[in-house]
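First comes the structure, then the notes that go with it.
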Amino acid sequence: MEIRTKQDVRDMARGAALLGVGGGGDPYVGQLMLQQEVLKGRYPRVIKASELADDAKVVSVCGIGSPPVLVEHLLSSKLLSKLMDEMEEYLGYKIDALISAEIGGLNSVMTLGVAAQRDIPLIDADGMGRAFPKLEMVTFSVYGCSASPVMIMDELGNSALVHARNDETAEHMSRAISSSLGAMVYSSLYPMSGKQVKDFAVHDTISLCFSIGKCIRESREDRDSPFDGLLELLHRPDEQRHCKILFDGKIVDLKHEIRDAWHFGTITMESHGDSKDVMVVEMQNEYLAARLNGETVTIVPDLIAILDSESAEPITGEQLKYGQRVKVLGISASPIMRRPECLAVFGPGGFGFKEEFRPLEELVA
């Protein structure tokens, strides 16, 4: 897989916005950074995990904070270079490859930019196949890879190093630092071996992200509806992949709140015409639960995406507006994300919901 043109970058960012399920940071900010690297002739190299040596040194790079705050700040490539330099100095070795902590939103596109900048490969994988709001909500953590040390830096170069006995504590400490530095910082974390990446990551997500963005663009040109192409790509039951259009209507109410460096919200939609159907989507940085007339139709870790009803352009949480005409998609999470040990961390209970996880394909016929 190659990303060599501005169109490739835009396709990647569009796919990242969909897999960001409302959060993960606005990928447009990361798009600008990656675009500059491509224009300089520095192209990111994306490799399969199988191409890594078992003893390869791998880390993640991600933003920590509130997505609405991110859009007020430009992303500095010098900052990310300094962040990586300090992480390598602390670890005492050169980093062989990067992996996205999450594929959705800013973090996947930004990590491509860092990989291009440093001329090291990015692995076609991540830790969740979507975006989640907390550091420990990744498969790396579930299967015993420690987030610590977490190197944190803000746009002014202020930095901190977090060592924690467990990843939940690392999340609390990092979130407190983020809040004290304006609710948006960047981090390098989850030092891993190539073997751990092979065993514990969600694979082939960079290529899926790119395929989604490209599919939406091409389907606008070649299909009566861009949703036709998108469903064809994402709904493949024989491959344990499911995608359903959950709702078609307009936004009639929005509630937003920034609390503890997170973006909480509730989105209420009504269907078109004479139908009285109402959909409510709850979010904490990302869309977490979709309920149609009070009945759950998709819940974490399965994905919920809100898209423009005409163009199929994904809409992030901070871009939602009253009166927008939208379609809501439910997309099944990767099978690894549905394992009991993973659901114990980022299933419904991890967000305070008093219900068990049920797969999308069971909830929606």
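Only one of these is at pLDDT below 95, over 18 Å from the mean Cα position of the chain (by Cα) and within 21 Å of residue 342 (Cβ to Cβ): 257, 239, 221. Name it.
Details: 257 fails: within 21 Å of residue 342 (Cβ to Cβ); 221 fails: within 21 Å of residue 342 (Cβ to Cβ).
Step by step, each of 257, 239, 221 is checked, and only 239 is at pLDDT below 95, over 18 Å from the mean Cα position of the chain (by Cα) and within 21 Å of residue 342 (Cβ to Cβ).
From the set of residues in the stretch 144-161 that are of a type in the set (A, V, I, L, M, F, W, C) and farther than 16 Å from residue 89 by Cβ, which is surrounded by the fewest Cβ atoms within 10 Å (Cβ to Cβ)? Break it down stepwise before answering.
Restricting attention to the stretch 144-161, the residues satisfying the condition of being of a type in the set (A, V, I, L, M, F, W, C) are 145, 147, 150-153, 156, 160-161.
Filter again for farther than 16 Å from residue 89 by Cβ, leaving 145, 147, 156.
On the way: 145: 23, 147: 26, 156: 10.
Out of the qualifying residues, it is 156.
In this structure, is residue 264 of a type outside the set (Asp, Glu), in a helix (DSSP H, G or I) and touching a strand residue (DSSP E or B) at 6+ places or on another chain (Cβ under 9 Å)?
Answer is no for this residue.
Can you tell me which residue is farthest from residue 360 (Cα to Cα) among those in the stretch 325-339 that are crowded, with 18+ Cβ neighbours inside 10 Å and of a type outside the set (A, V, I, L, M)?
Here the residue is 327.
Taking residue 186 and the conditions (1) farther than 18 Å from residue 78 by Cα; (2) of a type outside the set (Lys, Arg); (3) buried (at least 22 other Cβ atoms within 10 Å of the Cβ), which numbered condition does it fall short on, given that it satisfies the others?
(1)
Residues in the stretch 335-351: is at least one in contact with a strand residue (DSSP E or B) (Cβ under 6 Å, 6 or more places away or on another chain), in a strand (DSSP E or B) and in contact (Cβ under 8 Å) with a residue 24 or more places away in the chain?
The answer is no, given that none of the residues of the stretch 335-351 is in contact with a strand residue (DSSP E or B) (Cβ under 6 Å, 6 or more places away or on another chain), in a strand (DSSP E or B) and in contact (Cβ under 8 Å) with a residue 24 or more places away in the chain.
hydroxyl-bearing (Ser, Thr, Tyr), surrounded by 19 or more Cβ atoms within 10 Å (Cβ to Cβ) and under 23 Å from the mean Cα position of the chain (by Cα): is that true of residue 298 in this structure?
Values: hydroxyl-bearing (Ser, Thr, Tyr): yes; surrounded by 19 or more Cβ atoms within 10 Å (Cβ to Cβ): yes; under 23 Å from the mean Cα position of the chain (by Cα): yes.
Yes: the conditions hold for residue 298.
Can you tell me which residue within the stretch 260-277, out of those that are surrounded by 12 or more Cβ atoms within 10 Å (Cβ to Cβ) and of a type in the set (Gly, Ala, Ser), is nearest to residue 178 (Cα to Cα)?
So the residue we want is 261.
Taking residue 257 and the conditions (1) buried (at least 17 other Cβ atoms within 10 Å of the Cβ); (2) within 22 Å of residue 133 (Cβ to Cβ), which numbered condition does it fall short on, given that it satisfies the others?
Answer for residue 257: the failing condition is (1).
Hey, does the stretch 205-228 have a residue that's in a helix (DSSP H, G or I), closer than 30 Å to residue 277 by Cα and polar (S, T, N, Q)?
yes
The values are calculated or read from the model by the stated rules, or taken from the named source; none is laboratory data. Because the structure is predicted, anything quoted here is derived from the model rather than measured. Glycine also receives a Cβ, built like all others from the backbone with ideal geometry; neighbour counts cover every protein chain displayed.
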